[in-house]
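What follows is a single structure, written as structure tokens, with notes after it.
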Amino acid sequence: MHRKVFASKVYERKVVLITGGCAGIGRALVLRFAQAGARLVILDLQQDELDSLLQHLADHHHVEAMGLCCDVADAAAVQEAVALAMERFGGIDVLVNNAGVSHRSTFADTDLEVFQRVMAVNYFGALNCTKAVLPSLIARHGQIIVLSSLSGFAPLLYRSAYNASKHALHGLFETLRYEIKGSGVNVMLVCPGFTATDLRKNALVGDAGLAPSPPLAMGRVASAHDVAEEVYRAALKRKRLLVLSNVNWRARLLARYFPWLFERALLPRISGIKPGRGRP
């Protein structure tokens with residue numbers, strides 16, 4: 001199968017680093033940028049999945065790519081991985097901070113270990129990668145794409161650590177955008193709705209174990225492919241914010257203008273709680 005030829009050549013031969021690139025939205029973004037002819041640096045925790053993805057890229061997309069086993073929560077490991085990428089490709093044009101972990105448990109039942117792990121990956125992981133890559137991005141007038149969440153606009157019950165990590169991301173990258181204004185670097189925050197990925201299916205519970213997610217009580221679940229396509233198109237336009245909501249517009253309106261009604265009528269439903277159940 002030959003790589004499709006697209007009208008836009010914006011990312012052809014550009015170096016794109018994607019964290020959490022072996023599954024879900026991350027993998028879909030890897031494939032989308034590969035279709036555009038980008039050279040890829042993929043960070044993930046699973047070496048076997050990295051090897052499989054690299055083989056797929058070689059067989060079907062014929063693009064240059066390197067996969068590095070790296071925990072983004074480890075600042076030293078990130079620095080080492082970025083140094084290897086810089087040595088091979090000479091620089092990085094686009095950073096996609098995608099790696100993330102979620103949880104589902106009440107605040108009272110959530111161990112501190114879970115709060116620390118969620119913040120370490122979702123917030124400090126993005127911070128570590130951005131710190132390491134920013135000089136190259138400034139030199140190349142590049143882009144930072146940050147996968148955040150709709151929880152920054154409408155809170156989700158029993159996800160206090162996850163919600164906090166996404167609010168922290170917004171604070172960090174909105175500040176960074178202002179500080180590097182004029183550098184030519186675009187910072188885009190992306191807020192997907194509910195998406196069919198392992199992040200949701202493998203959410204941590206209060207004691208840091210894993211549990212399958214319950215079915216959503218409202219709203220459709222988007223595919224990772226569809227989200228990646230929207231992110232790619234927004235990146236071409238160098239947008240500042242992309243909100244992909246598959247939650248009914250009435251819910252968003254209530255959350256903004258009638259929060260008391262939103263909390264009473266809709267918050268439990270969009271948090272995946274069935275009527276009559278008060279806990280996950």
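The values are calculated or read from the model by the stated rules, or taken from the named source; none is laboratory data. Computed from a prediction, not measured in an experiment: that's the story for all the values here. As a convention, Cβ positions derive from the backbone with ideal geometry for all residues, glycine included, and neighbour counts pool all protein chains shown.
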Here, helices (runs of 4 or more DSSP H) confined to the range 23-93 with at least 3 residues that are buried (at least 22 other Cβ atoms within 10 Å of the Cβ) are 24-35, 75-89
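For (1) modelled with pLDDT under 95; (2) closer than 14 Å to LEU95 by Cα; (3) of a type outside the set (Lys, Arg); (4) touching a Gly at 6+ places or on another chain (Cβ under 9 Å), each residue gets a yes or a no:
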| site | (1), (2), (3), (4) |
| --- | --- |
| MET1 | yes, no, yes, no |
| LYS4 | yes, no, no, no |
| LEU29 | no, yes, yes, yes |
| ALA34 | no, no, yes, no |
| ALA38 | no, yes, yes, no |
| ASP51 | no, no, yes, yes |
| GLN55 | no, no, yes, no |
| LEU68 | no, no, yes, no |
Restricting the range 168-192 to residues that are of a type in the set (A, V, I, L, M) and not in a helix (DSSP H, G or I), which is surrounded by the fewest Cβ atoms within 10 Å (Cβ to Cβ)?
-> ILE180
Can you tell me which residue in the range 115-134 is farthest from ILE145 (Cα to Cα), limited to those that are aromatic (Phe, Trp, Tyr) and in contact with a helix residue (DSSP H, G or I) (Cβ under 7 Å, 6 or more places away or on another chain)?
-> PHE115
Quick one: in the range 131-167, of everything that is of a type in the set (A, V, I, L, M, F, W, C), assigned to a helix (DSSP H, G or I) and modelled with pLDDT of 95 or more, which residue is farthest from the chain's Cα centre (by Cα)?
-> ALA139
